[in-house]
Amino acid sequence: MPRKIPEVIFFHTSNQHKLNEASQAMSNLHIKIRSLKDISSRISVIEPQGESCAHVAHSKITQVLDLIEDKLNGNWLMVEDSGLFVNALGGFPGVYSSYVHTTIGVKGIVKLLEGNGDKSAQYISSISFWDGKRIQSVEGYCKGRISLELKGDAGFGYDPIFIPEAGNGQTFSEMTLMEKTALSHRTMALKRMVEKLNFPSM
Ligand code: ITT
């Protein structure tokens, strides 16, 4: 039996781009993605280091629920942890993507790959969500390759150097929000969430 679609899902994230992408992806189901900051401005959680994206997302949602479950009033909540996994670098930066982006940055990743024939990589998005009763987890992937040239201005993080396999050769940063959302790991994870709950499809 299809479940009743929630009108709102609160998203615990500090990243406005993630919010925009999730909102875009869920718009045809008429589900509003709202920042959790709208109902609780200061929530501090500890992000476990060196574990999988799935572990990080699960740990974060458990901590958030402990702090604000009463404020959700039965509404849904989601947390997402994601990263870029470069094959020739043994999956680096992976779970360290956020830290690596603020330290060596996209140019650092390009340097590490110069002269390497294998430029393949994938983004992983792990979402843990609370449906008012229990926590469930889903994952989405986006395969692609690293461009040694930074291209485009849109998006965030590693988007200027990531060319999705299913695209037309442009980096995510050269695409509109709608174009990136059609292909992204985040959308794939949200699709798994929708399938898991037996909603009408996106
Ligand atoms: P949260 O508050 O939701 O944790 P965040 O940006 O810190 O926001 P993560 O901890 O999940 O998010 O870090 C993921 C990093 O991986 C992010 O900072 C980017 O550098 C990179 N990343 C993940 N998805 C990406 C995407 O769609 N495009 C570009 N870079 C991405």
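Residue check, Thr102 against (1) under 22 Å from Ser44 (Cα atoms); (2) under 15 Å from the mean Cα position of the chain (by Cα); (3) within 11 Å of the ligand (Cβ to nearest atom), all met but one. Which one?
Among (1) under 22 Å from Ser44 (Cα atoms); (2) under 15 Å from the mean Cα position of the chain (by Cα); (3) within 11 Å of the ligand (Cβ to nearest atom), Thr102 violates only (2).
What number of residues within region 22-43 satisfy the criterion of being over 19 Å from the mean Cα position of the chain (by Cα) and hydroxyl-bearing (Ser, Thr, Tyr)?
Qualifying residue count for the region: 2.
Gly117 versus (1) surrounded by fewer than 16 Cβ atoms within 10 Å (Cβ to Cβ); (2) under 21 Å from Ser59 (Cβ atoms): which is the lone unmet condition?
Of the numbered conditions (1) surrounded by fewer than 16 Cβ atoms within 10 Å (Cβ to Cβ); (2) under 21 Å from Ser59 (Cβ atoms), the odd one out for Gly117 is (2).
Go through (1) among the hydrophobic types (A, V, I, L, M, F, W, C); (2) part of a loop (DSSP other than H, G, I, E, B); (3) more than 12 Å from the ligand (Cβ to nearest atom) and name the single condition Phe156 misses.
(3)
Answer yes if at least one residue in region 124-136 is part of a strand (DSSP E or B), farther than 19 Å from Pro93 by Cβ, out of contact with any Phe, Trp or Tyr (no Cβ under 8 Å at 6 or more places or on another chain) and more than 10 Å from the ligand (Cβ to nearest atom), and no otherwise.
Checking region 124-136: at least one residue is part of a strand (DSSP E or B), farther than 19 Å from Pro93 by Cβ, out of contact with any Phe, Trp or Tyr (no Cβ under 8 Å at 6 or more places or on another chain) and more than 10 Å from the ligand (Cβ to nearest atom).
Of all residues being within 11 Å of the ligand (Cβ to nearest atom) and among the hydrophobic types (A, V, I, L, M, F, W, C) in region 44-60, which is surrounded by the fewest Cβ atoms within 10 Å (Cβ to Cβ)? Just the residue, please.
It comes out as Val45.
Restricting to region 56-72, count the residues that are within 11 Å of Ser128 (Cα to Cα) and without any contact (Cβ under 8 Å) to a residue 60 or more places away in the chain.
Here the count works out to 1.
Between Arg192, Arg145, which is crowded, with 16+ Cβ neighbours inside 10 Å, more than 20 Å from Asn20 (Cα to Cα) and basic (Lys, Arg)?
Step by step, each of Arg192, Arg145 is checked, and only Arg145 is crowded, with 16+ Cβ neighbours inside 10 Å, more than 20 Å from Asn20 (Cα to Cα) and basic (Lys, Arg).
What is the number of the single condition among (1) within 13 Å of the ligand (Cβ to nearest atom); (2) over 21 Å from Ile109 (Cβ atoms) that Gly83 does not meet?
All conditions are met except number (2).
Which of the numbered conditions does Tyr123 fail, given that it passes all the others? Conditions: (1) touching a Pro at 6+ places or on another chain (Cβ under 7 Å); (2) surrounded by 15 or more Cβ atoms within 10 Å (Cβ to Cβ).
Only one criterion in (1) touching a Pro at 6+ places or on another chain (Cβ under 7 Å); (2) surrounded by 15 or more Cβ atoms within 10 Å (Cβ to Cβ) is unmet by Tyr123, namely (1).
No value in this document is a laboratory result; all are computed from the given coordinates. The structure displayed is predicted, hence computed values, not measured ones. Counting neighbours? That spans all protein chains shown, and the Cβs are built from the backbone with ideal geometry, glycine included.
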